[in-house]
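Engineer: One structure, as structure tokens, below. Some questions next.
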Amino acid sequence: MKTFTQEITFTTKKRFEIVNITEEVEALVKKSAVKDGLCLVNSMHITSSVFINDNEAGLHKDFEVWLERLAPHEPISQYAHNGFEDNADAHLKRTIMGREVVVAITDNQLHFGPWEQIFYGEFDGQRKKRVLVKIIGE
């Protein structure tokens, strides 16, 4: 069995941002030379998420509006967590959207359904971020 581990790094520009990381993950699958296996992609930050969905701007805006309705950033005083920080909402949004995804690898390619792509969801951004990609298989 082969294993391959690498991180993707980037800097987010906004507090809430959805970044399509599909191409970077696909490149790492190719680099791994794993023909048949699994690819784990997870956020290395407690206030962000990795998820699979459609790459459609309207849907991304819908996520932002929906998440803000469920866990509004302000007023920050509504959260017991907020003291030295103001990101309790980001922790809650991460819990809703999830930490990671696992995608099957078939013939050295991510085995997606129609329209599926991998996204990094940032809920407390504007700094350097990391995503772990771990690939196992034959």
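What follows is calculated from the coordinates using simple rules that are stated; it is not laboratory data. Small disclaimer: the values here were computed from a predicted structure and weren't measured. Note that we place each Cβ from the backbone using ideal geometry, even for glycine, and neighbour counts take in every protein chain shown.
Engineer: Over 30 Å between C-alpha atoms is what I'm after, so list which of K35/K128; K13/K134; K35/K93; K2/K93; K13/K35 land there.
Structural biologist: Numbers: K35/K128 32 Å; K13/K134 26 Å; K35/K93 34 Å; K2/K93 34 Å; K13/K35 35 Å.
Flagged as over cut-off: K35/K128; K35/K93; K2/K93; K13/K35.
Engineer: Lys and Arg at +1, Asp and Glu at -1: add these up for the other residues within a Cβ distance under 13 Å of T12 and post the number. Kindly include the intermediate steps, with their values, before the conclusion.
Structural biologist: Details: positive: K13, K14, R15, R127, K128, K129, R130; negative: E17, E122, D124.
Every neighbour counted, the sum reads +4.
Engineer: While we're looking at this one, here's another question. Amide H to amide H, which residues 5 or more places from K129 or on other chains are under 5 Å from it, using H placed in the peptide plane?
Structural biologist: Placed amide hydrogens put F10, T11, T12 under 5 Å from K129.
Engineer: Then there's this: Taking the highest mean first, how do the peptides 48-54, 66-72 order by number of other beta carbon atoms within 10 angstrom per residue? Show your work: numbers first, answer last.
Structural biologist: Values: 48-54: 20.0, 66-72: 14.3.
Order by mean packing, descending: 48-54, 66-72.
Engineer: Here's another thing I want to ask about it. For the range 12-138, what does the equivalent ellipsoid look like in terms of its semi-axes, each the square root of 5 times an eigenvalue of the Cα gyration tensor, given largest first in whole Å?
Structural biologist: Numbers: eigenvalues 184, 44, 24 Å².
Listed largest to smallest, the semi-axes of the range 12-138 are 30, 15, 11 Å.
Engineer: Taking the range 85-120, which GluC sites (Glu not before Pro) meet the DSSP loop condition and have no more than 15 other C-beta atoms within 10 Å? Could you put the intermediate results ahead of the total?
Structural biologist: Working: sites: E85, E100, E116; in loops: E85, E116.
Passing both the DSSP loop test and the Cβ count: E85, E116.
Engineer: Please list 3J(HN,Hα) in residue order for the range 132-138, calculated via the Karplus relation 6.51 cos²θ - 1.76 cosθ + 1.60 where θ = phi - 60°; whole Hz, with x for glycine and proline.
Structural biologist: For the range 132-138, the Karplus-derived couplings read 8, 10, 10, 10, 10, x, 10 Hz, x marking Gly and Pro.
Engineer: Moving on to the next point. Among F51, L40, T5, pick out the residue whose Cα is farthest towards the positive end of the charge dipole of the range 1-64, where Lys and Arg carry +1 and Asp and Glu carry -1 on C-beta, about the Cα centre.
Structural biologist: Selected residue: T5.
Engineer: Quick one: dipole size for the range 2-137, taken about the Cα centre, charges +1 on Lys/Arg Cβ and -1 on Asp/Glu Cβ, in debye to the nearest 20. Mind dumping the intermediate values first?
Structural biologist: On the way: 17 positive and 20 negative charges, 101 e Å.
Computed about the Cα centre, the dipole is about 480 debye.
Engineer: Let me ask something else. Please report how far the C-alpha centroid of the range 1-46 lies from that of the range 68-82, rounded to the nearest whole angstrom.
Structural biologist: Result: 30 Å between the Cα centres.
Engineer: Helix-derived [θ] at 222 nm for the chain: sum -39500 (n - 2.57) over DSSP H runs of at least 4, divide by residue count, nearest 500?
Structural biologist: -8000 deg cm²/dmol
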